[in-house]
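> Before I ask anything, here is the structure I am working with.
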Amino acid sequence: YFTVPNFFSACRILFSPFIYYFLSVDNKLASFVLIFFGGLTDMLDGFFARKLNQTSYFGAKLDSFADFLFFSAFVIFFMFSYLDKLQFFAWQVFAGAGFLFCTYIVVFVRFRKFASFHLYSMKTSSFLWWLNAVYFSLSEINFLFVKISIIIWFFACVETFVASIMIKRIEYNLRSVF
């Protein structure tokens with residue numbers, strides 16, 4: 001289980017609670033460092049998994065769990081810290097989460113496994129959230145950018161749900177349903 005890509009994913013898991021904490025106490029330098037390196041580990045784990053031929057079922061699960069924790073840390077922070085300015089978009093966040101929850105149920109019922117997909121739309125959404133968090137840790141929140149990220153994330157969640165219905169077998173690196 002100890003591989004280079006799994007090490008990167010484990011680092012992202014360890015960074016996640018500290019990111020939320022440092023954002024909440026307004027420690028911008030610590031937030032920036034953890035967010036920047038956390039995003040870097042997200043980009044590097046898949047690259048090294050393929051480059052070093054260290055792909056595995058466990059690694060794919062660990063990566064998905066690390067992504068969930070990492071991106072949830074600052075999405076939750078943004079939503080609860082700025083709910084007054086983002087409340088119109090809160091339904092998209094909760095509906096998107098609902099689509100993801102339903103995705104896990106559909107995949108489990110169909111294939112008797114929990115799976116998440118690495119769709120381009122979800123990767124794009126994750127990258128935008130990462131940019132939001134990096135920008136915020138260096139400056140102030142850009143509400144237009146956050147709102148655009150929420151909308152793209154919502155549609156990525158819908159695509160993930162559609163993928164769970166359309167696939168014939170589990171493909172973790174499914175690119176898109178379109």
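The values are calculated or read from the model by the stated rules, or taken from the named source; none is laboratory data. From a predicted model like this one, the values you see are computed outputs, not experimental measurements. Side chains included, ligands, DNA and RNA excluded: accessible areas come from the protein's heavy atoms. Shrake-Rupley method; radii C 1.70, N 1.55, O 1.52, S 1.80 Å.
> Quick one: with all protein chains in place, what share of the accessible area of region 1-45 is carbon or sulfur, to the nearest percent (1.4 Å probe)?
79
> Let me ask something additional. Kindly report the accessible area of the chain per residue (heavy atoms of protein chains, probe 1.4 Å, no ligands, DNA or RNA), in Å².
56
> Taking the chain as a Gaussian network, Cα atoms linked when under 10 Å apart, which of Thr41, Thr124, Thr103 shows the biggest mean-square fluctuation?
Its mean-square fluctuation being the largest, the pick is Thr124.
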